[in-house]
Amino acid sequence: MFDVLIIGGGVSGMSCALVLGSAKNKTFVTDKKIGIFTHQKNSSLQEAIFYNAYGITPGKLGSELLTESTQDLATTYPHITQIPNEKVMKVEGSYPEFTVVTNKNSYKT
Ligand SMILES: Cc1cc2nc3c(=O)[nH]c(=O)nc-3n(C[C@H](O)[C@H](O)[C@H](O)COP(=O)(O)OP(=O)(O)OC[C@H]3O[C@@H](n4cnc5c(N)ncnc54)[C@H](O)[C@@H]3O)c2cc1C
């Protein structure tokens, strides 16, 4: 049972996880169970090479950033549950209860 389930381990998903992770001591996040499906196979970043991004060494591969992002999240905010190697097939239900069905499991929110 999760309070938040983030779908996708690209820039948007990982940024969301980092923001929620960094807010762990705030009242709106305390005691919340947060997970992210860190599927990265289809990220646009897989094909990217960075030459003009502030703070990123020119020539850095997007695929490297993707790998590093999950490692950094695990190190910095280990209370965020990473769910690797699962693709979301459908989201069922309506607010406030949803079921997220992947190719391997299903998760309640
Ligand atoms: C060739 C190229 C070069 C680029 N260069 C730059 C650059 O230099 N600087 C820059 O800022 N931007 C660059 N971009 C753009 C950058 O890649 C995108 O802006 C960024 O990836 C968008 O992030 P996103 O999280 O929205 O989408 P994505 O990174 O595409 O992430 C979506 C994630 O969701 C996952 N996903 C999809 N379907 C499912 C599912 N059913 N279940 C679970 N997970 C799923 C995917 O695997 C993926 O990891 C480049 C893009 C390309 C293609």
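Please treat every number below as a calculation from the coordinates, not as lab data. Just so it is clear, the structure is predicted and the values come from calculations on it, not from any experiment. With ideal geometry, Cβ positions are generated from the backbone for all residues, glycine too; neighbour counts draw on all protein chains shown.
Pairs with C-alpha atoms separated by more than 23 Å, drawn from the list 26/104; 26/90; 33/90; 33/108; 26/60, are 26/104; 26/90; 26/60. Rounding to the nearest 10 and keeping the result within 0 to 90°, find how far the Cα-based axis of helix 11-22 lies from the longest principal axis of the chain. Once rounded, the angle reads 70 degrees. Counting only the Cα atoms, the chain fills a convex hull of 112 Å³ per residue. Taking Cα atoms only, the orientation of helix 62-76 departs from the longest principal axis of the chain by about 50 degrees.
For the chain, the relative contact order is 27 percent, taking Cα pairs closer than 8 Å that sit 6 or more residues apart in sequence and dividing their mean separation by the residue count. Among 20, 61, sorting on how many other beta-carbon atoms sit within 10 Å of each Cβ, with the fewest leading, yields 61, 20.
Full extension of the segment from residue 92 to residue 33, taken as 0.36 nm per residue of separation minus the current Cα-Cα distance, would add 19.3 nm.
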